[in-house]
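Undergrad: Supplied in structure tokens, the structure appears directly below.
Bear in mind that the values in this text are calculations on the coordinates, not laboratory data. As the structure is a prediction and not an experimental result, all values here were calculated from the model. Neighbour counts are summed over all protein chains in view; Cβ atoms, including those assigned to glycine, are modelled from backbone coordinates with ideal geometry.
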Amino acid sequence: MTQVDKEQVQVAKDYVEKLFNKVVEKNPGEEEFHQAVKEVLDSLVPAIAKNPTYMKQAILDRMVEPERLLTFRVPWVDDKGNIQVNRGFRVQFNSAIGPYKGGLRFHPSVNASIIKFLGFEQMFKNSLTGQPIGAGKGGSDFDPKGKSDLEIMRFCQSFMTELSRHIGPNTDVPAGDIGVGAREIGYLFGQYKKLRGAYEAGVLTGKAVGYGGSLGRKEATGYGTVYFVDEMLKAQGLSFNGSTVVVSGSGNVSIYAMEKAMELGAKVVACSDSSGYIHDPNGINLDTVKQLKEVESKRIYEYVDIHPEATFVDEFSKIWSIPCDIALPCATQNELNKEAADTLIANGVKAVGEGANMPSTYDAVNAFLANNVLFAPAKAANAGGVAVSALEMAQNSQRLSWTVEEVDGKLKEIMKDIYQASVQASEEYGTPGNLVAGANIAGFTKVADAMVAQGVI
Ligand code: NDP
Ligand code: 2IT
């Protein structure tokens, strides 16, 4: 590095540090949002140092400020006739490269910090997919657990009554996330259609295939994560075949990550839900998990009644104490901390692939990187879901549907491209092997250049 280079790096470091302090000050108490911003800002130092235009144009200052954050009241009537009130959110984070795009989360923990961290991450992830989609996220502190089907429907209708003013196929296109699957998307779509008086199929993605959904969307996030990790393993002469895998969660992402890992010859020995984890040393029976979770909405501990050779532990975060070659955190943010990372490393883990959004804490990520564990960061590894959502939008615009082979083939190519772009950026910016930096830089550059081109808006 020349003296000039060193000075530029220092200027960039000072700039991101100052900016980070400003973000903390302006968004008090929003820890998840701070965490997401910190990881990105730290890793962008080499890109900012090399391209001072981004600093002059205040690109990062603009990126950390959402274009719009909406919060709204969601009143609904429960089965006993009582009126309930929840809070709804939609953050429209960045529209430089396309309409706002990102899921809706229904979970009691949802607040502005969580929605903003997810919307911020979505900006880089969506850019990495190579598809023309901006960034958004939304949801509610509504807890779907224990609610009847009619309660879910009434909640979704009330939520959409307000949200419908702010979305559209060319403005903002929500989809699913935790607590929101095809059933909820159906109710949301029905209400949107009724309010608009028009069939705008592309306003939501993750629809059932019978009315505008894409084949392969349900599987896309989990499959995509495994495709990405597979690329990463192959580059080191490794593979899923014969490996032992631990996957947290037992929802949409987790189930299809397990399915694809098994298809590639792995033995998946554990999965979880918020009540705890199950360990089946002979290999998880995925049909049982699907029946319990997708069909009956039951708790994961019921698995051991059907498979007595498996054990249940009522602490989901302890799943990482099970020795494995590959760990795929696919449940929620910060589910894998430094202690868990140290245990995985001590047990010889070779690769970690983040199916969930920000599942590893900042310290855990650094522990993996410092110990040369192959690490696939969320923005890259779980981008397959939103990528196929963009393919669903494309099919809706064309009023036709592609075969599952076509969609899955495109997904595979997209995941390969994201892997290559991340590797290339990590090498170009002096952090070879660090896909966290590589993915952040590759995702950032496209959005930043679009913002420069479009002026100060
Ligand atoms: P689901 O609601 O289908 O499943 C979530 C799973 O994680 C469930 O097993 C759930 O257990 C568990 N979980 C959720 N919250 C917690 C918590 N606070 N503590 C412990 N366990 C928890 O959601 P998805 O599979 O769709 O999403 C999982 C992750 O993947 C999220 O981080 C999401 O943002 C991310 N993601 C999802 C995409 C998608 O297309 N769906 C795309 C990209 C990322 P329980 O049922 O007991 O609550
Ligand atoms: O975090 C995510 O990328 C998602 N929940 C999927 C978003 C989408 O629009 O398909």
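Undergrad: Which of the residues belonging to the stretch 169-223 are within 15 Å of ligand 1 (Cβ to nearest atom) and in a helix (DSSP H, G or I)?
TA: Selection gives A182, R183, E184, I185, L188, R217, K218, E219, A220, T221, G222, Y223.
Undergrad: I'd like the full set of residues that are surrounded by fewer than 23 Cβ atoms within 10 Å (Cβ to Cβ) and either in contact (Cβ under 8 Å) with a residue 40 or more places away in the chain or polar (S, T, N, Q) (or both), limited to the stretch 185-218.
TA: Q191, A201, G202, V209, G212, L215
Undergrad: Mind listing whichever residues of the stretch 285-319 are closer than 30 Å to S148 by Cβ and either acidic (D, E) or part of a loop (DSSP other than H, G, I, E, B) (or both)?
TA: Scanning the stretch 285-319 gives N285, D287, E294, E296, S297, K298, R299, E302, D305, H307, D314, E315.
Undergrad: Among the numbered criteria (1) more than 11 Å from ligand 1 (Cβ to nearest atom); (2) over 16 Å from E392 (Cβ atoms), which one does L118 miss?
TA: Every condition holds for L118 apart from (1).
Undergrad: Any idea which of L264, L233 is surrounded by fewer than 19 Cβ atoms within 10 Å (Cβ to Cβ), more than 11 Å from ligand 1 (Cβ to nearest atom), aliphatic (A, V, I, L, M) and touching a residue at least 24 places away in the same chain (Cβ under 8 Å)?
TA: L264
Undergrad: A further question on this structure: Working carefully through the options G134, G179, find the one that is over 25 Å from S250 (Cα atoms) and under 20 Å from the mean Cα position of the chain (by Cα).
TA: Criteria check complete, one pass: G134.
Undergrad: Just checking, which of T311, T343 is out of contact with any Pro (no Cβ under 6 Å at 6 or more places or on another chain), β-branched (V, I, T) and in contact (Cβ under 8 Å) with a residue 24 or more places away in the chain?
TA: Working: T343 fails: in contact (Cβ under 8 Å) with a residue 24 or more places away in the chain.
T311 is the lone residue from the list that is out of contact with any Pro (no Cβ under 6 Å at 6 or more places or on another chain), β-branched (V, I, T) and in contact (Cβ under 8 Å) with a residue 24 or more places away in the chain.
For every residue, the table says whether it meets (1) surrounded by 24 or more Cβ atoms within 10 Å (Cβ to Cβ); (2) within 11 Å of ligand 2 (Cβ to nearest atom); (3) within 16 Å of the chain's Cα centre (by Cα); (4) more than 11 Å from G88 (Cα to Cα).
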site: G102; (1), (2), (3), (4): yes, yes, yes, yes
site: N111; (1), (2), (3), (4): no, no, no, no
site: I114; (1), (2), (3), (4): yes, no, yes, yes
site: L118; (1), (2), (3), (4): yes, yes, yes, yes
site: D143; (1), (2), (3), (4): no, no, no, yes
site: G146; (1), (2), (3), (4): no, no, no, yes
site: F155; (1), (2), (3), (4): yes, no, no, no
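Undergrad: Take the residues of the stretch 120-132 that are in a helix (DSSP H, G or I) and of a type in the set (S, T, N, Q): which is surrounded by the most Cβ atoms within 10 Å (Cβ to Cβ)?
TA: Within the stretch 120-132, the match that is surrounded by the most Cβ atoms within 10 Å (Cβ to Cβ) is N126.
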